[in-house]
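Data block below; observations after.
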Amino acid sequence: MALQAVMNQTRKPDKLVIFDDNDEHTDLRQDPMYSKYFFMLERKGIAWEWLWAGKKGQHHNHQLANCMGYDWVWRVDDDALPEPGVLEQLAKHIAPDVAGIGGSVFMPGHDFETAKPTGKIDYIDHEPNPQWQTIHKVREVDHLHCTFLYRAGIYDYNLGLSRVAHREETLFSWGLKLKGYKLLVVPNAVTWHLKAPSGGIRMDNNDQLFAHDEQIFRNTMAFRDATIVVLNNGMGDHVVFKHVLPSIKNPVVFGCYPEIIPCRSIAEAKDLFGDIEMYNIYAKMDRWKWKSSLESAYRKLYL
């Protein structure tokens, strides 16, 4: 149903990428049902790719999509059924200062129409997400839920979360906002979220995994008014970064050479945030095909 919903959009995607994160992979090109869907995609002129995923959780797959070189990515879970005009409506709100656009996400059996959520990250424990109700006008929010269109390649998913990837879209969309972009919820873009009681991230049924991820989220929120800096590299990198530090708003630095830059330890950063690869400046420079200086790369990452 999710495949059918995507291929029948009034604005067709440039490409559909399906990440198969099952424990056992099956080549569905010969499957009597899926082969027909692949034929339909081709006849509709939609390029498609089926990728065997690493069985590490959906956040790893989202990060792969995030780095595929597209300007915008529309993330759709396999239990999410967007109505035909969703992608067209979301794309109407693409703008230079916008990085995330979401519509209504209705879950059968749940009704939040009388709620008045703000969409502020500070109230995430006390209100439903604005996407869980009918959206009557364009609103700016602090975080997005489940399925949305986003500007790719400017912020990374936290790969330190467990396989259940609890809070992954909240952390990611909040990170987009921290980069100085707007997050919008918009009307006339309804997706039905048919959450299954078992399977997928609910297969493990491990409260410890959810607690682990929740703690990473809480630790990140504890620093929401600061700029987290992680320098897990050499002495020379710290010397270069010292020129950038005065320009950073409220920095909290985790590093290796406190005699060069006052900092907390790298071990603490890993304990707090689960993953620090998103701060790997050399991986960023490789992805960006960087031709300028290291100092300029640091400025791009943190300013």
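The values are calculated or read from the model by the stated rules, or taken from the named source; none is laboratory data. Keep in mind that this is a model prediction, so the values were computed, not measured. Here the Cβ is made from the backbone with ideal geometry for all residues, glycine too, and neighbour counts use every protein chain on show. To get the accessible areas, we keep the full protein, side chains included, count just its heavy atoms, and leave off ligands, DNA and RNA. Shrake-Rupley method; radii C 1.70, N 1.55, O 1.52, S 1.80 Å.
Computed with a 1.4 Å probe over protein heavy atoms only, the accessible surface of the range 145-303 comes to 48 Å² per residue.
Nearest 5 is fine: what % of DSSP beta bridges in the chain come out antiparallel, could you say? Mind dumping the intermediate values first?
Working: 12 of 31 bridges.
Percentage antiparallel, nearest 5: 40.
With only Lys, Arg, Asp and Glu charged, each at its Cβ (+1 for the first two, -1 for the last two), find how big the charge dipole of the chain is about the Cα centre; round to the nearest 20 debye. Charge dipole of the chain: 1100 debye, to the nearest 20. Find the centroid of the Cα atoms in the range 133-147 and in the range 229-292, then give the distance between the two in whole Å. Going from one Cα centre to the other spans 33 Å. Pairs of Lys residues in the range 1-145 that lie 8 or more places apart, or on two chains, and have C-alpha atoms under 27 angstrom apart add up to 17. For the range 1-109, the fraction of alpha-carbon pairs lying more than 22 Å apart is 36 percent, rounded to a whole number. Accessible surface ranking for GLU42, GLU83, GLU127, 1.4 angstrom probe, highest first: GLU42, GLU83, GLU127. On the principal axes of its alpha carbon atoms, the chain extends 63, 46, 41 Å, with the longest extent given first. The protection proxy used here, the mean number of other Cβ atoms lying within 10 Å of each residue, ranks peptides 296-302, 206-212 as follows, highest first: 296-302, 206-212. Think of each Lys and Arg Cβ as +1 and each Asp and Glu Cβ as -1; about the Cα centre, that makes the dipole of the range 133-266 roughly 440 debye. Could you work out what % of the accessible surface of the range 39-129 is carbon and sulfur, using a 1.4 angstrom probe and leaving DNA, RNA and ligands out of the count? With neighbouring chains kept in place, the figure for the range 39-129 is 52 percent.
So what is the relative contact order for the chain, in percent, with contacts set as C-alpha pairs under 8 Å and at least six apart? Write down the numbers at each step before the final one.
Values: 517 pairs, mean separation 52.1, N = 303.
About 17 percent, as a whole number.
Decide, for the range 152-298, between rounded, prolate and oblate: order the square roots of the alpha carbon gyration tensor eigenvalues as a ≥ b ≥ c, take rounded if a/c falls under 1.5, and otherwise choose prolate if a/b is larger than b/c, else oblate.
Numbers: a/c = 2.26, a/b = 1.63, b/c = 1.39.
Prolate.
Over the range 50-111, one equal point on each Cα, no solvent: what is log10 I(q)/I(0) by the Debye formula at q = 0.27, 0.28, 0.30 Å⁻¹? Evaluating at q = 0.27, 0.28, 0.30 Å⁻¹ gives log10 I(q)/I(0) of -1.27, -1.29, -1.34. Going 7 Å from the Cα of ASN188 toward and past its Cβ, which residues in the range 1-30 have a backbone nitrogen under 15 Å from where you end up? 10-11, by backbone N distance to the label point. Candidate cross-link partners of LYS284 among the lysines, defined by an alpha-carbon separation under 17 Å and a same-chain spacing of 8 or more, comprise LYS179, LYS300. A 1.4 Å probe, protein heavy atoms only, puts the accessible area of TYR282 near 120 Å². This model, with +1 at the C-beta of Lys and Arg and -1 at the C-beta of Asp and Glu, gives the range 228-277 a dipole about its Cα centre of some 220 debye. How big is D for the range 126-223, in µm² s⁻¹ as a whole number, if Stokes-Einstein is applied with the Kirkwood radius of its Cα pairs at 37 °C and 0.692 mPa s? It comes out at roughly 219 µm²/s.
For the range 215-283, how big is the tail of P(r) above 16 Å, as a whole percent of Cα pairs? Please list the in-between numbers first.
Working: 1056 of 2346 pairs.
Of the Cα pairs, 45 percent sit more than 16 Å apart.
Sorting check: for 272-278, 112-118, which peptide has the highest mean count of neighbouring beta carbons within 10 Å, and how do the rest follow?
272-278, 112-118
Rounded to a whole number, what % of the accessible area of the range 144-303 do carbon and sulfur atoms account for, probe 1.4 Å? Let's see the in-between values first.
Details: 4020 of 7660 Å².
Looking at the range 144-303 in its full context, I get 52 percent from C and S.
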